[in-house]
Amino acid sequence: MATADRPQRAWRAACPNCGAPVEFASAASPVAVCSFCRSTLVRDGDALRRIGQSAELFDDHSPLQLGVAGRWQGSGFTLVGRLQLRYEGGSWNEWHALFDSGKSGWLSEDNGRYVMGFDVPTPPDAPGLAQLQPGAGVSLDARLWQVASVTTAQVAAAQGELPAPPRLNENFQVADLRNTQGEVGTLDFSEPAQPRWSVGRSAALADLALTGLQEPSEKTLSARGVECPSCGTALQIKLDTTKSIACHQCHAVVDVSPGVGGDLAHYQQGAPYQAGAIAMLPLGTTGYLALDGEPLPWQVVGYVERCELPQDPEDERVYWREYLLYNRETGFAFLVDAEDGWSWVVPLTGVPEVRGSTASWAGSSYSQRFQYTAMTTYVMGEFYWQLKRGERTLNTDYANGKLRLNREQAGREVTWSAGQTLDGSVVAVAFKVPGAAASGSAAEASPFSAGASSFRHRLVLALIIGFILFIIFRSCSSSPCDELRNTFGASSNEYQQCLNSNRSGGGVWIPRTGGGSFGGYGSGGGHK
């Protein structure tokens with residue numbers, strides 16, 4: 001951070017390619033990217049030498065930008081450079097933070113939040129890639145770590161002042177590790193013979209005392225509007241971190257992780273399990289919730305319908321709902337609506353200590369309750385990760401009274417989330433949801449209902465009837481209604497008419513009774 005006795009810039013030279021001035025905040029910095037022609041420049045004595053050209057930055061509308069100043073653990077810093085990296089699931093930023101002392105750090109995106117990390121000497125016991133399997137434990141630098149993810153990435157673009165020349169568009173492996181002290185370790189294998197090692201901690205933007213952030217504006221929002229590649233409807237992307245968005249017209253899920261422009265990948269999704277169902281908490285609404293401290297305004301930006309896949313494929317699937325909440329200074333949280341009530345969770349930077357069926361985190365001990373395979377079946381809104389059709393995750397739920405933990409593995413990434421149960425009346429008041437809106441069906445099994453006792457009796461009765469109908473249904477293995485149910489949904493008129501005419505049982509929405517997800521949708525385990 002610049003002070004009265006410390007100049008804003010310490011060194012300046014002309015770009016040898018276009019002649020534009022290139023400024024350095026530190027006279028010791030070896031590399032910069034020209035802001036005019038994007039030439040990558042290295043210092044050669046008192047002159048600059050061009051070694052290549054960076055690709056144009058894709059507009060991710062991050063609230064951060066060059067020149068943003070802040071404080072970390074009492075020390076001032078300024079953001080002077082940026083790397084934009086791509087991987088299969090999207091992209092993320094690594095911001096070069098130059099401290100007043102001359103020390104360099106990296107402010108990196110991490111599951112919708114941020115981590116402040118620092119390069120440190122690579123320990124001699126650094127494991128090779130073959131030893132880094134997601135979920136496995138490794139010993140490194142006299143500490144125990146768990147592997148959160150192993151990702152193939154590449155530097156797509158660079159900006160500003162950097163501590164080393166970027167190797168653009170070259171694939172390399174990067175592994176993220178986490179430990180029980182809340183630290184994030186990163187092994188960067190862009191130089192396989194000597195991987196780069198960095199260690200960091202979670203950094204909430206609200207705690208960094210940042211100044212100079214980009215202000216949100218209607219111009220910024222409209223500039224990120226795109227057309228749905230399926231139906232042509234105009235989609236307005238409101239969040240700087242959005243990687244996927246669901247079309248409100250045709251319900252196609254559009255991948256916008258490469259940035260706006262060009263051909264956008266998308267896929268069609270069917271109707272929600274309960275035909276005509278809508279999210280109980282409307283997208284765009286804001287409610288004040290005290291999730292982990294003072295009450296903050298949380299906006300509903302995404303909705304996910306998920307199910308547990310039974311071991312027997314002929315058994316009925318059970319469903320629950322998750323709402324993605326967003327606060328500009330805090331990041332993201334999940335609000336989960338399951339059969340056993342409401343709960344909230346946020347992704348963890350560190351990792352709990354697990355011994356057998358017990359997990360320990362932040363001084364509390366949790367007991368394992370359920371382990372199951374989950375699948376996303378329907379989405380609405382915006383998401384900071386790339387959604388994939390029918391992606392399955394392996395989940396393990398832990399509990400300690402009202403406290404909740406969830407471990408979720410999706411492919412080569414492991415994500416831990418933590419939170420606690422939440423009284424339904426708190427959610428109803430925060431988001432101004434009328435009690436009647438929650439009592440429409442078993443799908444809405446929620447503590448919002450004023451007549452909770454009678455509702456539970458009706459729910460039990462509905463489940464008993466549903467179970468009897470389900471047994472009858474299973475006995476008719478060649479039911480002519482199967483195709484209608486798969487096409488139009490269990491609550492459709494077509495399916496119900498078929499049931500009535502054939503006197504056979506049908507499926508009902510069964511809220512998750514095996515445990516209820518504690519949240520933490522597969523959002524990635526790395527700096528994403």
If a residue has to be hydroxyl-bearing (Ser, Thr, Tyr), assigned to a strand (DSSP E or B) and either within 22 Å of the chain's Cα centre (by Cα) or surrounded by 14 or more Cβ atoms within 10 Å (Cβ to Cβ) (or both) to count, how many in the range 117-149 make the cut? 1
What's the total number of residues in the range 150-193 that are under 16 Å from Arg412 (Cβ atoms) and assigned to a strand (DSSP E or B)? 13
Counting just the residues of the range 184-217 that are among the polar types (S, T, N, Q) and more than 26 Å from Pro134 (Cβ to Cβ), which one comes out modelled with the lowest pLDDT? Ser217
Of the conditions (1) farther than 30 Å from Leu296 by Cβ; (2) touching a residue at least 60 places away in the same chain (Cβ under 8 Å); (3) surrounded by 16 or more Cβ atoms within 10 Å (Cβ to Cβ), Asn169 clears all except one; give me its number. (3)
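Scan the range 345-363 residue by residue and report those that are exposed (fewer than 14 other Cβ atoms within 10 Å of the Cβ) and either hydrophobic (A, V, I, L, M, F, W, C) or in a strand (DSSP E or B) (or both).
Arg355, Ala362
Before we move on, is Arg178 over 30 Å from Leu41 (Cβ atoms), in the same structural domain as Pro30 (by TED's automatic domain parsing) and out of contact with any Asp or Glu (no Cβ under 6 Å at 6 or more places or on another chain)?
In short, yes.
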In the range 271-295, which residues are crowded, with 19+ Cβ neighbours inside 10 Å and modelled with pLDDT of 90 or more? Gly287, Leu289
Whether any residue in the range 349-365 is small (Gly, Ala, Ser) and at pLDDT below 85 is what I want to check. no
Close pairs from the range 6-34: first under 19 Å from Arg82 (Cα atoms), partner of a type in the set (Lys, Arg) and at pLDDT 75 or above, Cβ under 6 Å, at least 6 apart: Pro21/Arg12; Glu23/Arg12
Is it true that some residue in the range 300-310 is among the small types (Gly, Ala, Ser), under 20 Å from Ala279 (Cα atoms) and modelled with pLDDT of 90 or more? no
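Please tell me if Gln65 is at pLDDT below 75, surrounded by fewer than 17 Cβ atoms within 10 Å (Cβ to Cβ), outside any strand (DSSP E or B) and not acidic (Asp, Glu). Quick ask: steps written out before the conclusion?
On the way: at pLDDT below 75: no; surrounded by fewer than 17 Cβ atoms within 10 Å (Cβ to Cβ): yes; outside any strand (DSSP E or B): yes; not acidic (Asp, Glu): yes.
It is false that Gln65 is at pLDDT below 75, surrounded by fewer than 17 Cβ atoms within 10 Å (Cβ to Cβ), outside any strand (DSSP E or B) and not acidic (Asp, Glu).
The values are calculated or read from the model by the stated rules, or taken from the named source; none is laboratory data. Just so you know, these numbers come straight off a predicted model, no measurement behind them. Glycine gets a Cβ as well: all are built from the backbone with ideal geometry, and neighbour counts include every protein chain shown.
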